[in-house]
Structures are given as C-alpha cells and as structure tokens.
1. Quick check on the exposure proxy: order Met126, Met75 from fewest to most C-beta atoms within 10 angstrom.
2. Quick one: pull the percentage of alpha-carbon pairs in segment 120-226 with a separation above 20 Å.
3. Between Asp183 and Ala55, what's the calculated FRET efficiency when r is the beta-carbon distance and R0 is 35 Å? Round to 0.05.
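Values in this text are rule-based calculations from the coordinates and carry no lab data. Everything quoted here is computed from the prediction, not taken from an experiment. Neighbour counts run over all protein chains shown; Cβ positions are idealised from the backbone, glycine included.
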Amino acid sequence: MEEAWEEKISHLKKIHLNLHRRDDNNERISTVDLTVSPKAIVHQPDRSYVPRGRANPVQPPLLAADQDNAPFPTMVVEIGVTQSLQSLHDKAIDYLCATTDIQIVLCISLWPRRRRGIINTNLFQMVALLYNRVYSVNHPQTVISFGTAPLHPLSIESIQRWGSPNQVQGHIKVDTVPVQTNDIYTIKIPSESLFNGVPGGVPTGVPANIPLNLLDLRDQLTDIQF
C-alpha cells in the first residue's frame, strides 16, 4: 500500500503545467523551502516556479524566500494525498500572505479508491483548487472536481465554508461523467501572473493562459493500484 501511495505521489509531482516544455523561461522548477511569514513559517511545496530574470527582493528580508535573499517563486504547487482539504487551503493562504509575492497557488487533493467489500474500484475523488493573488488572498478563484467519482457533499461544504463566491465545478453529481471535450476540466494559468516581476513581462510566444488538462492528469493514475 505504501509503495502505491509513493508511486501516486511521484506521478502527481510530474505536473509541469506544460512548463516542462518551456524550461528555458524558468530558472527553477523544483522543491525548495520557503519562509512565508515573519514568524518563520517554512513550507516546502511539491513544485515551485521561478521565471528566469525575476529580480531579487528590493527590500530584504521583507519579500525574500530564504536567508540568501532569493526571490519567491511566482507559482507553487501542493499535492494533498493524506492532507485534509483544510490543511491545503491553510497552506495556500500562507503562501499568499503579505510577506511573499507568490502569485499563484495550485492545490490538488486526491482521495483513495473507493471499495466494494474487499475490492478496490476505479472510483476516486480529485479536486483542483487554483488561488490567484490578483483575485483573492483568502479563497480559491477556481475549484474543479475531476475524479472518476463525484466530490463528496461534505467536501463541498468544507470549501463553501471558506467564503468563496464561486461554486465547485466539474464532477459533483453521480449521473455526470467528465469528458475531455468539456473545457471546464482545463485549468488556465495566467502567464502575466506566472512571469510577474520579469523585465519585459511574458516572453514572446507564451500564450496569455497556459492550460492544464485535469483529465489527462487524472488518467495517469487510472492504472495505479491504490
């Protein structure tokens, strides 16, 4: 069981949001420790993106990611396998606090396969939460359920308690089936936020929004036994 979880995490950590095709524009695509508050709260995201050319903080250590005065990434990714939705949400709010200039936080939460008796089914929940500093530092801009099973009503209630004005989208009813032709299952990462702080702004040839197909991500897990 533990190996299956590790394999699952490994698959999810390969999310590059199409940026793995644009590594020349990114100085760091990695996991690093980030100090996100004056109280020295340190988080290590599963992925962080620092666009090439992003300047070091002007007023260290106010917006410095570490003791070396490194710039914060513009985007971080958190994968929740055993973490609760609330834990992921709280971490996202930490990343967007006033002492960072992180612009985007993408959280993806994954639940174990549902069981029928002693047999694992191919039904599992997944939800993506996209936070954008331009939109709000208190709640996600976009919430999409995209698992092979609909998101549980209690999970939806938890998200609604955060005060987000946006409804949970995607697979939330038993009689709905996510399909690739439905654009609702594509998260769009705004390039202007991703390349925040870079002289000249968004590089030539990079689209205004970089798409992440959530169903492609989900399908990577379909054949993994967990």
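1. Final ranking by Cβ density, sparse to dense: Met126, Met75.
2. More than 20 Å apart: 49 percent of the Cα pairs in segment 120-226.
3. 0.50
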